Amino acid sequence: MRSEPPIWTMAPALRRLATRQGAAPRLEPTWPCRQLDDTSPAGYAARLASCACTLAGVEEVPAPLNARGRACALDDIHAMGQPEAFIFAPVWLIVRPDGSLHLTLRPEWAQKVVAKGWGTVHPFARYMAGAVPPQSLVIYAPRDDGELTIAARIIVAAHCYATGRIGEVALPDSRW
């Protein structure tokens, strides 16, 4: 009898993830590593931030570490994920003015997102190994409504990682 893999092996929002078309955009090599080309149409960053703010326990706060953009934090009741799930606790997401995202995902989830071309490991995770966790990602700015939907799905997965659960199922090593 074959058993089903645990639900947390892949966030439901990341299942059947399409491959992003086109070349990867360039990122600025200095903090906060903003996206230099192929940015989002006007209004997309606000739509992504609004999407994130509808999720459980999320509130908008000033962006930490001089990062430009709209930062989303979790309240104490919901911030139950691993420390690596946060950019700067309790902030788990920064929506940048260009529409790109800074967030973290479980390593196996991040691997899938990067392999499908939706983002890259945050340059500072490479430059400052150990100071920035390797699952810290820059998700490329969505260029159209279809890509906006996928970026929103990636936000949902990052929220699961930061809350330490998928629905009622606690993720391994979370504080639940």
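The values are calculated or read from the model by the stated rules, or taken from the named source; none is laboratory data. Because the structure is a prediction, the values reported are computed rather than measured. Neighbour counts are summed over all protein chains in view; Cβ atoms, including those assigned to glycine, are modelled from backbone coordinates with ideal geometry. For the accessible areas, the whole protein counts, side chains as well, though only heavy atoms, and no ligand, DNA or RNA atoms are used. Shrake-Rupley method; radii C 1.70, N 1.55, O 1.52, S 1.80 Å.
With respect to the conditions (1) in contact (Cβ under 8 Å) with a residue 60 or more places away in the chain; (2) within 14 Å of the chain's Cα centre (by Cα), A24 falls short on a single one, namely (2).
The selection criterion, being touching a strand residue (DSSP E or B) at 6+ places or on another chain (Cβ under 7 Å), at pLDDT 95 or above, of a type outside the set (A, V, I, L, M) and open to solvent by less than 10 Å² (accessible area, probe 1.4 Å), does not hold for Y140.
Applying the set (1) among the hydrophobic types (A, V, I, L, M, F, W, C); (2) open to solvent by 20 Å² or more (accessible area, probe 1.4 Å); (3) out of contact with any helix residue (DSSP H, G or I) (no Cβ under 7 Å at 6 or more places or on another chain) to A71 leaves exactly one unmet item: (2).
Of all residues in the range 15-29, how many are within 22 Å of A157 (Cα to Cα) and open to solvent by 60 Å² or more (accessible area, probe 1.4 Å)? If you could, list the steps in order and put the result at the bottom.
First pass over the range 15-29, keeping only residues within 22 Å of A157 (Cα to Cα): 15-21, 24.
Next, from what is left, pick out any that are open to solvent by 60 Å² or more (accessible area, probe 1.4 Å): 15-16, 19, 21, 24.
So the answer is 5.
Of all residues in the range 52-67, those being under 22 Å from R153 (Cα atoms), open to solvent by 40 Å² or more (accessible area, probe 1.4 Å), assigned to a loop (DSSP other than H, G, I, E, B) and not hydrophobic (A, V, I, L, M, F, W, C) number 1.
Each residue in the range 30-51 was checked for being of a type in the set (A, V, I, L, M, F, W, C), more than 26 Å from D75 (Cα to Cα) and open to solvent by 20 Å² or more (accessible area, probe 1.4 Å), and 3 pass.
Is it the case, given these coordinates, that V114 is β-branched (V, I, T), under 14 Å from the mean Cα position of the chain (by Cα) and modelled with pLDDT of 95 or more?
Numbers: β-branched (V, I, T): yes; under 14 Å from the mean Cα position of the chain (by Cα): yes; modelled with pLDDT of 95 or more: yes.
Answer is yes for this residue.
Looking at the range 40-51, I want the residues that are among the basic types (K, R) and have a partner that is assigned to a helix (DSSP H, G or I) with Cβ atoms under 9 Å, at least 6 apart or on another chain. Which pairs are those? Every condition considered, the pairs that remain are R47/L148; R47/A152.
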